[in-house]
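Values in this text are rule-based calculations from the coordinates and carry no lab data. What you are looking at is a predicted structure, and each value in this text was computed from that prediction instead of being measured. Positions of Cβ are generated from backbone atoms using ideal geometry, with glycine treated the same way; all protein chains shown enter the neighbour counts.
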Amino acid sequence: MKKLPKLNPGDKVEIIAPASRCSDLHLTELKTLLTGWGLDCIVSPNIFGNDLLCANTDTIRFESLKNALFDRETKAVICARGGYGCMRLIPALSKLSAPTLPKLFVGMSDITALNLYLQQTWQWPVIHGALAKDKFSPESIESLRSILFGATTQITFSALPLNKHAKKNRLIEADITGGNLCLIQTSLGTQWEIESRNKIIFLEETNERGYRVDRMLEHLRQANVFHHAAAIVLGDFLEGNEPNGTSLVQPVLERFAQSCDIPVLHIKGIGHGHVNFPIPLGILAQLQLGKQINLVCSL
C-alpha cells in the first residue's frame, strides 16, 4: 500500500510556482510559515518572471519543477498557488523517468493536473491542499502540518449521503483520485487523463455557475469516467452565483447524485473555502456507507 513520505524538523523543502503567480507577500508568508515549522525552505530566484499568463515562462517553470522533483536534498515540494499553467508542463515532464524516491507534493486547484500525473505515471501519493495563513483557517493549516510531519496516521472525514446508494450499509476499499472538477474534465483525451476504474473520485470546484458545473459533470458522465468508479465524493462547490444572486449549484449537484448508480456523498470543508482540510490522493482508503458515513485515509 502506498504511503505518504514524512518530514522531520531540519528537512529541506522547496516552494515552486508551476501555474500562476502569487503575491510577493503570500510567498514571504508561506516561507515564514514553513521555516517556523523548523524546515529549511528553498525558493528559486527564478520563481517569478515575465509571461503572458503564468508565474514565468513554460521553460523556466518546467526547469524549476524538474529540479524540485529530482533534488536529492529536498523532501517536499510545496506549490505556492494554483491558477493556470500546469498542463502546459506535462508534455516535457512525460519525457522524464520518475526519481528513485518519492517526495511529498502539495497543491490543489490547477495543480490537479500535476497531482494526476504524479499519481498515475510515477505512482506517487500526493496531498490535495494548500497553505496560506491569510486565506485558510488555523485548523486547516494545522491539519496539513500534522500530515506532513507524520503526527497523524489516519484521517477520518464525516460525510453526508446524496443518493440512495450511499445509504446502503457497505464498506468500500479503493484508492482516492480526483481534484478540481474543471481540471478533471480538462484531463480527458490527454496523457494525464484521470484513471477512474474502481477508484473513489473526489471533486471540488469554485466560481462556476450551475450550468457550467452541470456541463462538466455531464461531459465526464458521457466520457464514462464514472461508469466503473467505486464512489464519488463531492467536496465544496463554492460561489458561482447567477446574475440575480441566486445559485443553481446545489440543485445541480443533487440532481447529478440522484442520477448516479454508484454512491455519491458530500464532505464539507475540502476545496477553496476558508476551511480547507487537506486530503491525500493516490492512497487506499476505506469508505463506510450507511447511517453513518466516514471516509478513512490511512497515511
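Note on the chain: with charges restricted to the Cβ of Lys and Arg (+1) and Asp and Glu (-1), its dipole about the Cα centre is near 720 debye. Beyond a 18 Å Cα-Cα separation, which of these cross-linked pairs lie in this structure: Lys31/Lys135; Lys6/Lys268; Lys103/Lys135? With Cα atoms farther than 18 Å apart: Lys6/Lys268; Lys103/Lys135. For the range 222-299 versus the range 8-67, the spacing of their alpha-carbon centroids is 30 Å. Taking every DSSP beta bridge with both residues inside the range 12-148, roughly what % is antiparallel (nearest 5)? So the antiparallel bridges in the range 12-148 amount to around 0 percent.
The alpha-carbon atoms of the chain define a convex hull whose volume equals 129 cubic angstrom per residue.
Each of Glu193, Glu73, Glu173 has some number of other Cβ atoms within 10 Å of its Cβ, and from fewest to most they run Glu73, Glu173, Glu193. Entry note, the chain: the mean residue ellipticity at 222 nm calculated from DSSP H runs of n ≥ 4, each adding -39500 (n - 2.57), is -8000 deg cm²/dmol after division by the residues and rounding to the nearest 500. Only Cα pairs under 8 Å and 6+ residues apart enter the sum, and on that basis the relative contact order of the range 154-298 stands at 39 percent. Each of Arg170 and Thr100 was given a label point 7 Å from its Cα along the Cα-to-Cβ line. The distance between the two points is 4.4 nm.
Computed over the chain, relative contact order equals 21 percent, with contacts defined as Cα pairs under 8 Å that lie 6+ residues apart.
Karplus-based coupling profile of the range 120-133, in residue order and whole Hz: 8, 9, 9, 6, 8, x, 10, 10, 7, x, 7, 10, 6, 4, with θ = phi - 60° in 6.51 cos²θ - 1.76 cosθ + 1.60 and x standing for Gly or Pro.
The simple spin-label model puts a point 7 Å past each Cα toward its Cβ; for Lys3 and Gln288 those points are separated by 2.3 nm. Based on the Cβ-Cβ distance from Gln123 to Ser298, what FRET efficiency comes out when R0 is 25 Å, to the nearest 0.05? It comes out at approximately 0.90.
Between the beta carbons of Ser137 and Leu160, assuming R0 = 22 Å, the FRET efficiency works out to 0.60 to the nearest 0.05. Using C-alpha pairs below 8 Å separated by at least 6 residues, the relative contact order for the range 12-148 is 26 percent. Among bridges DSSP assigns within the chain, what percent are antiparallel (round to 5)? Of the beta bridges lying entirely in the chain, close to 40 percent run antiparallel. The trypsin sites (Lys or Arg not before Pro) of the range 32-134 that meet both conditions, a loop assignment by DSSP and at most 15 other Cβ atoms within 10 Å of the site Cβ, are Arg72, Lys95, Lys133.
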